[in-house]
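In what follows, a structure is listed as C-alpha coordinates, so that the remarks can point back to it.
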Amino acid sequence: MDTSTPDPKKGSVSAERQANRNPIQPTTSNISKAAEASAHQQDQRGMATIEDDDDRLLVRIGYTPVLQRHFSRWSTVSYAISILGVLGSVPATFGSPINAGGPATAVWAWFIGSIMAYCIASSVAELVSAYPTAGGMYYVTKHVVPPEHVAAWAWIIGWCNFLGQAAGVASLAYTISQMILATAVMHSSFVDGAPSFAPTALQTVLLAILVLCLFGTICSFPTEWLHKIILWFAPINIIASVCICIALLVLTPNKQSAKWVFTEVTDGSGWGSKGFSFLLGFLSVAWTMTDYDGTTHMSEETHDAAIRGPVAIRMAILVSGVVGWMLTVTFCFCMSDVEGIMGTPSGLPVAQIFFNAGGKTGGTVMWFFVILVQFFTGCSAMLANARMAWAFSRDGAFPFSGFWSKVNSLSNTPVNAVWLVVAFCSCLDLIGIGSTLTIVAIFNITAPALDISYIAVIIAHRWYEGRVMFHPGPFTMGKWSKPVNAIAVTWVCFISVVLFFPTVKPVTFTNMNYAICVAAFIGFFSMIWWYAGARKTYIGPRTTDTIDMLPPEDPEAILSDYDIP
(Lines give C-alpha, C1' and ligand atoms only; values in the text may rest on other atoms or scores of the structure.)
Protein backbone atom coordinates (compact mmCIF):
# COMPACT_ATOMS: atom_id res chain seq x y z
CA MET A 1 0.00 0.00 0.00
CA ASP A 2 1.28 3.40 -0.90
CA THR A 3 1.61 5.38 2.30
CA SER A 4 2.69 8.65 0.72
CA THR A 5 0.52 11.69 1.41
CA PRO A 6 -1.97 12.27 -1.40
CA ASP A 7 -2.20 15.56 -3.21
CA PRO A 8 -4.39 17.82 -1.02
CA LYS A 9 -6.04 19.18 -4.15
CA LYS A 10 -7.18 15.72 -5.13
CA GLY A 11 -10.91 15.35 -4.79
CA SER A 12 -11.67 19.09 -4.79
CA VAL A 13 -14.85 20.03 -6.56
CA SER A 14 -15.43 22.56 -9.33
CA ALA A 15 -16.28 26.19 -8.77
CA GLU A 16 -19.85 25.46 -9.72
CA ARG A 17 -20.01 22.66 -7.14
CA GLN A 18 -18.51 24.99 -4.53
CA ALA A 19 -21.43 27.36 -5.04
CA ASN A 20 -23.94 24.63 -4.29
CA ARG A 21 -22.49 22.32 -1.66
CA ASN A 22 -25.45 19.98 -1.20
CA PRO A 23 -24.43 16.37 -1.87
CA ILE A 24 -25.54 15.19 -5.34
CA GLN A 25 -25.64 11.53 -6.17
CA PRO A 26 -24.35 10.34 -9.55
CA THR A 27 -26.97 9.15 -12.00
CA THR A 28 -27.15 5.66 -13.43
CA SER A 29 -26.59 6.95 -16.97
CA ASN A 30 -23.36 8.72 -16.02
CA ILE A 31 -22.18 5.66 -14.16
CA SER A 32 -22.90 3.47 -17.17
CA LYS A 33 -20.93 5.78 -19.47
CA ALA A 34 -17.99 5.66 -17.10
CA ALA A 35 -18.16 1.89 -16.93
CA GLU A 36 -18.25 1.57 -20.71
CA ALA A 37 -15.24 3.88 -21.03
CA SER A 38 -13.07 1.59 -18.92
CA ALA A 39 -10.72 -0.90 -20.55
CA HIS A 40 -10.00 -2.68 -17.29
CA GLN A 41 -11.37 -6.15 -16.74
CA GLN A 42 -13.73 -6.87 -13.87
CA ASP A 43 -11.98 -8.00 -10.70
CA GLN A 44 -14.19 -10.03 -8.37
CA ARG A 45 -12.64 -8.41 -5.33
CA GLY A 46 -14.48 -5.19 -6.14
CA MET A 47 -13.84 -2.46 -3.63
CA ALA A 48 -11.06 -4.40 -1.91
CA THR A 49 -8.63 -3.28 -4.62
CA ILE A 50 -9.23 0.41 -3.97
CA GLU A 51 -7.20 1.80 -1.08
CA ASP A 52 -5.96 5.25 -1.97
CA ASP A 53 -8.37 6.61 -4.56
CA ASP A 54 -10.87 7.79 -2.01
CA ASP A 55 -12.99 10.04 -4.16
CA ARG A 56 -13.41 7.41 -6.85
CA LEU A 57 -14.40 4.94 -4.17
CA LEU A 58 -16.94 7.40 -2.74
CA VAL A 59 -18.46 7.94 -6.17
CA ARG A 60 -18.71 4.19 -6.65
CA ILE A 61 -20.55 4.00 -3.34
CA GLY A 62 -22.93 6.61 -4.67
CA TYR A 63 -22.05 9.99 -3.11
CA THR A 64 -20.39 12.96 -4.76
CA PRO A 65 -17.31 14.16 -2.79
CA VAL A 66 -17.99 17.57 -1.25
CA LEU A 67 -15.69 17.57 1.79
CA GLN A 68 -11.92 18.08 1.72
CA ARG A 69 -9.56 15.27 2.71
CA HIS A 70 -6.85 16.41 5.13
CA PHE A 71 -6.80 13.71 7.81
CA SER A 72 -3.61 11.67 7.53
CA ARG A 73 -2.60 8.34 9.07
CA TRP A 74 -1.47 9.90 12.34
CA SER A 75 -4.28 12.40 12.76
CA THR A 76 -6.75 9.56 12.14
CA VAL A 77 -5.10 7.40 14.82
CA SER A 78 -4.95 10.37 17.19
CA TYR A 79 -8.64 11.06 16.57
CA ALA A 80 -9.57 7.42 17.23
CA ILE A 81 -7.66 7.43 20.53
CA SER A 82 -8.99 10.83 21.58
CA ILE A 83 -12.63 9.85 21.07
CA LEU A 84 -12.13 7.23 23.80
CA GLY A 85 -10.07 9.63 25.93
CA VAL A 86 -9.22 7.30 28.81
CA LEU A 87 -7.44 9.92 30.93
CA GLY A 88 -10.67 11.91 31.06
CA SER A 89 -13.21 9.08 31.05
CA VAL A 90 -11.64 6.71 33.59
CA PRO A 91 -11.48 9.33 36.39
CA ALA A 92 -15.05 10.39 35.56
CA THR A 93 -16.45 6.85 35.92
CA PHE A 94 -14.01 5.27 38.41
CA GLY A 95 -16.37 5.57 41.35
CA SER A 96 -19.02 3.34 39.76
CA PRO A 97 -17.13 0.00 39.72
CA ILE A 98 -15.52 0.75 43.10
CA ASN A 99 -18.92 1.36 44.69
CA ALA A 100 -20.43 -1.69 43.02
CA GLY A 101 -17.76 -4.32 43.61
CA GLY A 102 -14.53 -2.92 45.01
CA PRO A 103 -11.03 -2.50 43.51
CA ALA A 104 -10.68 -5.93 41.90
CA THR A 105 -13.98 -5.33 40.11
CA ALA A 106 -12.65 -2.07 38.65
CA VAL A 107 -9.36 -3.68 37.59
CA TRP A 108 -10.63 -6.90 36.03
CA ALA A 109 -13.83 -5.44 34.55
CA TRP A 110 -11.65 -3.02 32.63
CA PHE A 111 -9.33 -5.82 31.49
CA ILE A 112 -12.14 -8.10 30.29
CA GLY A 113 -14.19 -5.23 28.88
CA SER A 114 -11.25 -4.04 26.78
CA ILE A 115 -10.91 -7.48 25.17
CA MET A 116 -14.63 -7.54 24.36
CA ALA A 117 -14.42 -3.99 23.03
CA TYR A 118 -11.65 -5.11 20.68
CA CYS A 119 -13.95 -7.80 19.26
CA ILE A 120 -16.77 -5.30 18.70
CA ALA A 121 -14.41 -2.71 17.20
CA SER A 122 -12.84 -5.28 14.86
CA SER A 123 -16.28 -6.31 13.63
CA VAL A 124 -17.21 -2.67 13.02
CA ALA A 125 -13.87 -1.97 11.31
CA GLU A 126 -14.38 -4.83 8.86
CA LEU A 127 -17.77 -3.52 7.73
CA VAL A 128 -16.91 0.17 7.45
CA SER A 129 -13.72 -0.66 5.53
CA ALA A 130 -15.95 -1.77 2.66
CA TYR A 131 -18.07 1.39 2.66
CA PRO A 132 -16.14 4.29 4.24
CA THR A 133 -18.66 7.14 4.37
CA ALA A 134 -19.61 9.79 6.93
CA GLY A 135 -22.66 7.67 7.77
CA GLY A 136 -20.50 4.88 9.17
CA MET A 137 -22.47 1.79 10.17
CA TYR A 138 -25.71 3.54 9.25
CA TYR A 139 -24.70 3.55 5.57
CA VAL A 140 -23.37 -0.03 5.70
CA THR A 141 -26.94 -1.09 6.49
CA LYS A 142 -27.86 -0.54 2.83
CA HIS A 143 -25.42 -3.22 1.74
CA VAL A 144 -26.20 -5.92 4.28
CA VAL A 145 -30.01 -6.16 4.13
CA PRO A 146 -32.35 -6.84 1.18
CA PRO A 147 -33.51 -3.71 -0.70
CA GLU A 148 -37.09 -3.99 0.56
CA HIS A 149 -35.89 -3.75 4.18
CA VAL A 150 -33.25 -1.03 3.78
CA ALA A 151 -35.42 1.95 4.73
CA ALA A 152 -36.67 0.48 8.03
CA TRP A 153 -33.27 -0.89 9.05
CA ALA A 154 -31.45 2.32 8.15
CA TRP A 155 -34.03 4.39 10.05
CA ILE A 156 -33.59 2.39 13.25
CA ILE A 157 -29.79 2.10 13.03
CA GLY A 158 -29.39 5.76 12.10
CA TRP A 159 -31.48 7.06 14.98
CA CYS A 160 -29.89 4.71 17.52
CA ASN A 161 -26.46 5.85 16.39
CA PHE A 162 -27.30 9.56 16.34
CA LEU A 163 -29.08 9.58 19.70
CA GLY A 164 -26.42 7.40 21.34
CA GLN A 165 -23.69 9.76 20.17
CA ALA A 166 -25.68 12.84 21.19
CA ALA A 167 -26.21 11.43 24.68
CA GLY A 168 -22.47 10.79 24.85
CA VAL A 169 -21.59 14.34 23.81
CA ALA A 170 -24.06 15.81 26.30
CA SER A 171 -22.67 13.60 29.07
CA LEU A 172 -19.09 14.62 28.25
CA ALA A 173 -19.95 18.32 28.50
CA TYR A 174 -21.82 17.69 31.74
CA THR A 175 -18.90 15.71 33.16
CA ILE A 176 -16.41 18.43 32.24
CA SER A 177 -18.64 20.92 34.03
CA GLN A 178 -18.68 18.68 37.11
CA MET A 179 -14.88 18.36 36.97
CA ILE A 180 -14.35 22.11 36.80
CA LEU A 181 -16.77 22.72 39.66
CA ALA A 182 -15.15 19.90 41.66
CA THR A 183 -11.89 21.82 41.39
CA ALA A 184 -13.63 24.89 42.78
CA VAL A 185 -14.99 22.82 45.67
CA MET A 186 -11.54 21.46 46.51
CA HIS A 187 -10.10 24.98 46.52
CA SER A 188 -12.86 26.47 48.66
CA SER A 189 -12.52 26.87 52.41
CA PHE A 190 -13.86 24.10 54.65
CA VAL A 191 -15.91 24.67 57.78
CA ASP A 192 -16.41 21.61 60.01
CA GLY A 193 -15.37 19.40 57.11
CA ALA A 194 -17.92 20.90 54.70
CA PRO A 195 -16.86 23.06 51.72
CA SER A 196 -18.05 26.66 51.62
CA PHE A 197 -18.92 26.27 47.93
CA ALA A 198 -21.39 23.67 46.67
CA PRO A 199 -22.36 23.89 42.97
CA THR A 200 -26.03 23.88 42.10
CA ALA A 201 -27.70 21.95 39.30
CA LEU A 202 -28.25 25.22 37.40
CA GLN A 203 -24.55 26.14 37.59
CA THR A 204 -23.53 22.68 36.38
CA VAL A 205 -25.91 22.77 33.41
CA LEU A 206 -25.06 26.33 32.34
CA LEU A 207 -21.34 25.54 32.41
CA ALA A 208 -22.02 22.35 30.42
CA ILE A 209 -23.83 24.38 27.73
CA LEU A 210 -20.87 26.77 27.57
CA VAL A 211 -18.59 23.75 27.06
CA LEU A 212 -20.88 22.50 24.27
CA CYS A 213 -20.59 25.87 22.54
CA LEU A 214 -16.79 25.61 22.73
CA PHE A 215 -17.03 22.12 21.19
CA GLY A 216 -19.18 23.53 18.41
CA THR A 217 -16.82 26.39 17.68
CA ILE A 218 -13.84 24.05 17.28
CA CYS A 219 -15.83 21.54 15.22
CA SER A 220 -16.79 24.33 12.82
CA PHE A 221 -13.15 24.84 11.82
CA PRO A 222 -11.96 23.77 8.34
CA THR A 223 -10.86 20.15 8.09
CA GLU A 224 -7.22 21.20 7.58
CA TRP A 225 -7.27 23.04 10.92
CA LEU A 226 -8.95 20.10 12.64
CA HIS A 227 -6.28 17.75 11.28
CA LYS A 228 -3.51 19.91 12.76
CA ILE A 229 -5.26 20.28 16.13
CA ILE A 230 -6.25 16.63 16.55
CA LEU A 231 -2.69 15.47 15.84
CA TRP A 232 -1.86 16.57 19.41
CA PHE A 233 -4.83 14.93 21.16
CA ALA A 234 -3.44 11.40 21.50
CA PRO A 235 0.17 12.32 22.44
CA ILE A 236 -1.05 14.60 25.23
CA ASN A 237 -3.47 11.91 26.42
CA ILE A 238 -0.86 9.14 26.57
CA ILE A 239 2.07 11.19 27.93
CA ALA A 240 -0.08 12.85 30.60
CA SER A 241 -1.49 9.44 31.65
CA VAL A 242 1.97 7.94 32.14
CA CYS A 243 3.26 10.99 34.03
CA ILE A 244 0.21 11.11 36.32
CA CYS A 245 0.53 7.42 37.16
CA ILE A 246 4.20 7.86 38.07
CA ALA A 247 3.46 10.99 40.13
CA LEU A 248 0.62 9.34 42.06
CA LEU A 249 2.65 6.22 42.87
CA VAL A 250 5.59 8.33 44.06
CA LEU A 251 3.61 10.93 46.04
CA THR A 252 0.90 8.78 47.66
CA PRO A 253 1.87 7.50 51.13
CA ASN A 254 0.55 4.25 52.56
CA LYS A 255 -0.50 2.69 49.27
CA GLN A 256 -2.83 -0.30 49.20
CA SER A 257 -1.42 -3.82 48.84
CA ALA A 258 -1.40 -5.74 45.57
CA LYS A 259 -3.63 -8.38 47.16
CA TRP A 260 -6.27 -5.78 47.98
CA VAL A 261 -6.12 -4.21 44.52
CA PHE A 262 -6.32 -7.42 42.50
CA THR A 263 -8.48 -9.68 44.70
CA GLU A 264 -10.82 -7.55 46.82
CA VAL A 265 -14.38 -7.92 45.50
CA THR A 266 -17.31 -6.61 47.53
CA ASP A 267 -21.09 -6.61 47.21
CA GLY A 268 -21.54 -2.88 47.20
CA SER A 269 -24.71 -3.09 45.12
CA GLY A 270 -26.72 -4.87 47.78
CA TRP A 271 -27.99 -7.50 45.35
CA GLY A 272 -26.58 -10.23 47.59
CA SER A 273 -24.09 -11.45 45.01
CA LYS A 274 -20.47 -10.47 44.54
CA GLY A 275 -20.68 -11.94 41.05
CA PHE A 276 -23.51 -9.64 40.03
CA SER A 277 -21.80 -6.67 41.68
CA PHE A 278 -18.74 -7.50 39.58
CA LEU A 279 -20.86 -7.36 36.42
CA LEU A 280 -22.14 -3.91 37.38
CA GLY A 281 -18.51 -2.79 37.37
CA PHE A 282 -18.51 -2.96 33.57
CA LEU A 283 -20.32 0.38 33.47
CA SER A 284 -17.02 2.30 33.45
CA VAL A 285 -15.42 0.44 30.55
CA ALA A 286 -18.72 0.31 28.64
CA TRP A 287 -19.14 4.09 28.88
CA THR A 288 -15.51 4.71 27.87
CA MET A 289 -14.95 2.00 25.24
CA THR A 290 -17.69 2.88 22.81
CA ASP A 291 -18.35 5.04 19.73
CA TYR A 292 -16.03 2.72 17.77
CA ASP A 293 -17.35 3.98 14.46
CA GLY A 294 -16.61 7.61 15.39
CA THR A 295 -13.49 7.46 13.23
CA THR A 296 -15.50 6.27 10.22
CA HIS A 297 -17.70 9.35 10.37
CA MET A 298 -14.59 11.27 9.30
CA SER A 299 -14.03 8.95 6.32
CA GLU A 300 -14.94 11.56 3.72
CA GLU A 301 -12.22 13.82 5.12
CA THR A 302 -9.53 11.13 5.44
CA HIS A 303 -6.89 9.99 2.96
CA ASP A 304 -7.03 6.25 2.27
CA ALA A 305 -10.05 5.97 4.56
CA ALA A 306 -10.89 2.37 3.65
CA ILE A 307 -7.76 1.09 5.41
CA ARG A 308 -6.63 3.90 7.74
CA GLY A 309 -9.99 4.19 9.47
CA PRO A 310 -10.27 0.49 10.43
CA VAL A 311 -6.61 0.30 11.47
CA ALA A 312 -7.04 3.40 13.64
CA ILE A 313 -10.13 1.92 15.31
CA ARG A 314 -8.31 -1.25 16.37
CA MET A 315 -5.15 0.60 17.40
CA ALA A 316 -7.19 2.98 19.53
CA ILE A 317 -8.77 0.08 21.44
CA LEU A 318 -5.36 -1.49 22.07
CA VAL A 319 -3.74 1.75 23.26
CA SER A 320 -6.75 2.88 25.29
CA GLY A 321 -7.17 -0.58 26.83
CA VAL A 322 -3.59 -0.62 28.09
CA VAL A 323 -3.58 3.02 29.27
CA GLY A 324 -7.00 2.69 30.91
CA TRP A 325 -5.98 -0.44 32.79
CA MET A 326 -2.78 1.28 33.92
CA LEU A 327 -4.78 4.23 35.26
CA THR A 328 -7.35 2.00 36.98
CA VAL A 329 -4.68 -0.07 38.73
CA THR A 330 -2.80 3.07 39.80
CA PHE A 331 -5.93 4.72 41.23
CA CYS A 332 -6.70 1.55 43.22
CA PHE A 333 -3.19 1.43 44.69
CA CYS A 334 -3.51 5.08 45.72
CA MET A 335 -6.81 4.66 47.63
CA SER A 336 -5.11 4.85 51.02
CA ASP A 337 -8.22 6.29 52.71
CA VAL A 338 -11.08 4.45 51.01
CA GLU A 339 -13.94 5.98 52.98
CA GLY A 340 -12.59 9.52 52.72
CA ILE A 341 -11.94 9.21 49.00
CA MET A 342 -15.34 7.69 48.18
CA GLY A 343 -17.09 10.29 50.36
CA THR A 344 -15.21 13.25 48.88
CA PRO A 345 -17.15 16.55 48.84
CA SER A 346 -16.12 17.01 45.20
CA GLY A 347 -18.22 13.98 44.22
CA LEU A 348 -15.34 12.57 42.14
CA PRO A 349 -13.09 10.08 43.98
CA VAL A 350 -10.14 10.45 41.60
CA ALA A 351 -10.05 14.21 42.21
CA GLN A 352 -9.61 13.45 45.91
CA ILE A 353 -6.84 10.95 45.11
CA PHE A 354 -5.01 13.67 43.18
CA PHE A 355 -5.36 16.25 45.94
CA ASN A 356 -4.32 13.75 48.61
CA ALA A 357 -1.15 12.96 46.66
CA GLY A 358 -0.14 16.37 45.33
CA GLY A 359 -1.87 18.85 47.58
CA LYS A 360 -3.83 21.72 46.09
CA THR A 361 -1.13 22.74 43.65
CA GLY A 362 0.03 19.34 42.46
CA GLY A 363 -3.49 17.91 42.50
CA THR A 364 -4.81 20.80 40.45
CA VAL A 365 -2.08 20.40 37.84
CA MET A 366 -2.86 16.69 37.41
CA TRP A 367 -6.60 17.35 37.42
CA PHE A 368 -6.15 20.02 34.74
CA PHE A 369 -4.84 17.41 32.31
CA VAL A 370 -7.78 15.15 33.09
CA ILE A 371 -10.18 17.98 32.21
CA LEU A 372 -8.14 18.86 29.12
CA VAL A 373 -8.23 15.29 27.78
CA GLN A 374 -11.94 15.05 28.55
CA PHE A 375 -12.37 18.24 26.52
CA PHE A 376 -10.47 16.62 23.64
CA THR A 377 -12.81 13.64 23.90
CA GLY A 378 -15.84 15.90 23.79
CA CYS A 379 -14.58 17.70 20.68
CA SER A 380 -13.90 14.39 18.95
CA ALA A 381 -17.29 12.96 19.93
CA MET A 382 -19.14 16.05 18.71
CA LEU A 383 -17.21 15.93 15.44
CA ALA A 384 -18.38 12.34 14.88
CA ASN A 385 -21.95 13.19 15.91
CA ALA A 386 -22.04 16.20 13.59
CA ARG A 387 -20.78 14.19 10.61
CA MET A 388 -23.37 11.51 11.39
CA ALA A 389 -26.09 14.18 11.53
CA TRP A 390 -24.87 15.57 8.19
CA ALA A 391 -24.85 12.13 6.57
CA PHE A 392 -28.29 11.31 7.99
CA SER A 393 -29.75 14.62 6.81
CA ARG A 394 -28.41 14.31 3.26
CA ASP A 395 -30.54 11.17 3.07
CA GLY A 396 -33.61 13.11 4.21
CA ALA A 397 -33.96 11.64 7.72
CA PHE A 398 -34.33 14.96 9.58
CA PRO A 399 -36.93 17.71 9.35
CA PHE A 400 -35.42 20.51 7.21
CA SER A 401 -32.76 18.07 6.00
CA GLY A 402 -31.82 20.37 3.13
CA PHE A 403 -30.59 22.97 5.61
CA TRP A 404 -28.69 20.58 7.89
CA SER A 405 -26.97 18.89 4.94
CA LYS A 406 -25.44 22.09 3.57
CA VAL A 407 -21.67 22.50 3.66
CA ASN A 408 -20.39 25.93 4.65
CA SER A 409 -18.67 27.73 1.77
CA LEU A 410 -16.02 29.29 4.05
CA SER A 411 -14.91 26.32 6.14
CA ASN A 412 -15.95 23.58 3.69
CA THR A 413 -17.43 21.69 6.64
CA PRO A 414 -21.07 20.95 7.63
CA VAL A 415 -21.34 23.80 10.14
CA ASN A 416 -25.15 23.68 10.23
CA ALA A 417 -25.04 20.05 11.37
CA VAL A 418 -22.48 20.95 14.05
CA TRP A 419 -24.76 23.53 15.63
CA LEU A 420 -27.75 21.24 15.33
CA VAL A 421 -25.84 18.86 17.59
CA VAL A 422 -24.89 21.71 19.96
CA ALA A 423 -28.55 22.74 20.27
CA PHE A 424 -29.81 19.18 20.71
CA CYS A 425 -27.19 18.28 23.34
CA SER A 426 -27.89 21.55 25.18
CA CYS A 427 -31.55 20.55 25.40
CA LEU A 428 -30.53 17.19 26.85
CA ASP A 429 -28.33 18.87 29.46
CA LEU A 430 -31.08 21.33 30.38
CA ILE A 431 -33.04 18.38 31.73
CA GLY A 432 -30.42 18.21 34.49
CA ILE A 433 -31.81 21.40 36.05
CA GLY A 434 -35.09 19.75 36.92
CA SER A 435 -34.15 16.09 37.29
CA THR A 436 -30.77 14.56 38.02
CA LEU A 437 -32.31 11.09 37.67
CA THR A 438 -33.47 11.77 34.11
CA ILE A 439 -30.18 13.27 32.96
CA VAL A 440 -28.22 10.31 34.37
CA ALA A 441 -30.61 7.92 32.61
CA ILE A 442 -30.05 9.71 29.32
CA PHE A 443 -26.28 9.49 29.77
CA ASN A 444 -26.53 5.78 30.64
CA ILE A 445 -28.21 5.04 27.31
CA THR A 446 -25.06 6.04 25.41
CA ALA A 447 -23.23 2.72 25.44
CA PRO A 448 -26.25 0.40 24.91
CA ALA A 449 -27.67 2.54 22.08
CA LEU A 450 -24.36 2.68 20.20
CA ASP A 451 -23.40 -0.95 20.79
CA ILE A 452 -26.85 -2.20 19.78
CA SER A 453 -26.67 -0.15 16.57
CA TYR A 454 -23.37 -1.89 15.79
CA ILE A 455 -24.42 -5.46 16.47
CA ALA A 456 -27.72 -5.00 14.61
CA VAL A 457 -25.73 -4.36 11.42
CA ILE A 458 -23.39 -7.27 12.20
CA ILE A 459 -26.36 -9.60 12.72
CA ALA A 460 -28.01 -8.39 9.51
CA HIS A 461 -24.78 -8.96 7.60
CA ARG A 462 -24.58 -12.58 8.76
CA TRP A 463 -28.30 -13.25 8.50
CA TYR A 464 -28.62 -12.02 4.92
CA GLU A 465 -25.15 -12.82 3.59
CA GLY A 466 -26.59 -15.51 1.32
CA ARG A 467 -29.04 -13.04 -0.25
CA VAL A 468 -27.18 -9.72 -0.29
CA MET A 469 -23.88 -9.24 -2.12
CA PHE A 470 -21.27 -7.69 0.18
CA HIS A 471 -17.97 -6.40 -1.26
CA PRO A 472 -15.30 -6.64 1.47
CA GLY A 473 -12.94 -3.72 1.90
CA PRO A 474 -9.16 -3.84 2.24
CA PHE A 475 -9.45 -4.70 5.95
CA THR A 476 -10.91 -8.14 6.68
CA MET A 477 -10.50 -10.67 9.47
CA GLY A 478 -10.70 -13.63 7.12
CA LYS A 479 -11.54 -16.90 8.87
CA TRP A 480 -11.73 -15.09 12.22
CA SER A 481 -14.57 -12.86 11.07
CA LYS A 482 -17.51 -15.07 12.07
CA PRO A 483 -16.14 -16.15 15.50
CA VAL A 484 -15.26 -12.55 16.40
CA ASN A 485 -18.69 -11.37 15.21
CA ALA A 486 -20.32 -14.04 17.39
CA ILE A 487 -18.34 -12.96 20.46
CA ALA A 488 -19.19 -9.28 19.84
CA VAL A 489 -22.92 -9.93 19.46
CA THR A 490 -23.11 -12.25 22.47
CA TRP A 491 -21.23 -9.81 24.68
CA VAL A 492 -23.32 -6.76 23.74
CA CYS A 493 -26.59 -8.65 24.28
CA PHE A 494 -25.36 -9.83 27.68
CA ILE A 495 -23.81 -6.61 28.97
CA SER A 496 -26.68 -4.42 27.71
CA VAL A 497 -29.06 -6.34 29.98
CA VAL A 498 -26.67 -5.85 32.90
CA LEU A 499 -26.28 -2.13 32.23
CA PHE A 500 -30.05 -1.65 32.34
CA PHE A 501 -30.25 -3.11 35.87
CA PRO A 502 -30.49 -0.80 38.90
CA THR A 503 -27.02 -0.50 40.41
CA VAL A 504 -28.23 -0.51 44.03
CA LYS A 505 -30.73 -2.61 45.97
CA PRO A 506 -33.28 -2.02 47.44
CA VAL A 507 -34.50 -0.17 44.37
CA THR A 508 -36.11 3.17 45.11
CA PHE A 509 -37.33 6.12 43.12
CA THR A 510 -34.00 7.88 43.64
CA ASN A 511 -31.62 5.03 42.76
CA MET A 512 -33.58 3.39 39.94
CA ASN A 513 -31.69 2.97 36.65
CA TYR A 514 -34.01 4.80 34.29
CA ALA A 515 -31.91 4.02 31.19
CA ILE A 516 -34.37 1.28 30.23
CA CYS A 517 -37.21 3.83 30.35
CA VAL A 518 -35.28 6.19 28.08
CA ALA A 519 -34.53 3.33 25.70
CA ALA A 520 -38.21 2.36 25.59
CA PHE A 521 -39.23 5.97 24.96
CA ILE A 522 -36.71 6.34 22.12
CA GLY A 523 -37.89 3.10 20.52
CA PHE A 524 -41.57 4.03 20.88
CA PHE A 525 -41.06 7.57 19.57
CA SER A 526 -39.03 6.47 16.53
CA MET A 527 -41.57 3.80 15.58
CA ILE A 528 -44.51 6.21 15.92
CA TRP A 529 -42.66 8.73 13.75
CA TRP A 530 -41.89 6.00 11.22
CA TYR A 531 -45.48 4.81 10.84
CA ALA A 532 -46.90 8.34 11.06
CA GLY A 533 -45.19 9.42 7.88
CA ALA A 534 -41.48 8.83 7.67
CA ARG A 535 -41.97 5.47 5.94
CA LYS A 536 -43.67 7.28 3.06
CA THR A 537 -40.76 9.65 2.40
CA TYR A 538 -37.60 8.07 3.80
CA ILE A 539 -35.94 5.51 1.53
CA GLY A 540 -32.64 4.99 3.33
CA PRO A 541 -29.27 6.17 1.96
CA ARG A 542 -30.07 8.05 -1.25
CA THR A 543 -27.42 6.58 -3.48
CA THR A 544 -27.39 4.76 -6.78
CA ASP A 545 -26.19 1.20 -6.23
CA THR A 546 -23.34 1.07 -8.75
CA ILE A 547 -20.84 -1.27 -7.18
CA ASP A 548 -21.70 -4.14 -9.52
CA MET A 549 -21.77 -1.89 -12.59
CA LEU A 550 -18.20 -0.63 -12.33
CA PRO A 551 -14.81 -2.25 -12.82
CA PRO A 552 -12.47 -2.49 -9.82
CA GLU A 553 -10.54 0.63 -10.78
CA ASP A 554 -12.83 3.50 -11.66
CA PRO A 555 -12.02 5.15 -14.98
CA GLU A 556 -11.03 8.78 -15.20
CA ALA A 557 -14.31 9.41 -16.97
CA ILE A 558 -16.37 8.99 -13.80
CA LEU A 559 -14.59 11.88 -12.13
CA SER A 560 -14.61 14.09 -15.18
CA ASP A 561 -18.40 13.73 -15.24
CA TYR A 562 -18.41 15.53 -11.88
CA ASP A 563 -15.62 18.04 -12.55
CA ILE A 564 -13.32 16.22 -10.12
CA PRO A 565 -9.70 16.27 -11.34
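The values are calculated or read from the model by the stated rules, or taken from the named source; none is laboratory data. What you see is a predicted model, and the numbers here were worked out from it, not measured in a lab. Neighbour counts run over all protein chains shown; Cβ positions are idealised from the backbone, glycine included. Just the protein is used for accessible areas: all its heavy atoms, side chains included, with ligands, DNA and RNA removed. Shrake-Rupley method; radii C 1.70, N 1.55, O 1.52, S 1.80 Å.
Cβ under 15 Å from S171's Cβ, S171 left aside: what net charge do those residues give with Lys, Arg +1 and Asp, Glu -1?
Once positives and negatives cancel, what remains is -2.
Rounded to the nearest 10 degrees, what's the angle between the helix 233-251 long axis and the longest principal axis of the chain, both from Cα atoms, 0 to 90?
20
Taking the Cα centre of the chain as the origin, how large is its charge dipole in debye, to the nearest 20, when only Lys and Arg (+1) and Asp and Glu (-1) carry charge on their Cβ atoms?
It comes to approximately 760 debye.
Mind checking the angle between helix 446-463 and the chain's longest principal axis? C-alpha axes, 0 to 90 degrees, to the nearest 10.
It is inclined by approximately 40 degrees.
For a 27 Å ceiling on Cα separation, which of these pairs sit above it: K259/K360; K482/K536; K406/K536; K142/K482; K406/K482?
K259/K360; K482/K536; K406/K482
Please compute the volume of the convex hull spanned by the alpha-carbon atoms of the chain and report it per residue in Å³.
147
So how exposed is F509, as accessible area in Å² (1.4 Å probe, rounded to 10)?
Result for F509: roughly 150 Å² accessible.
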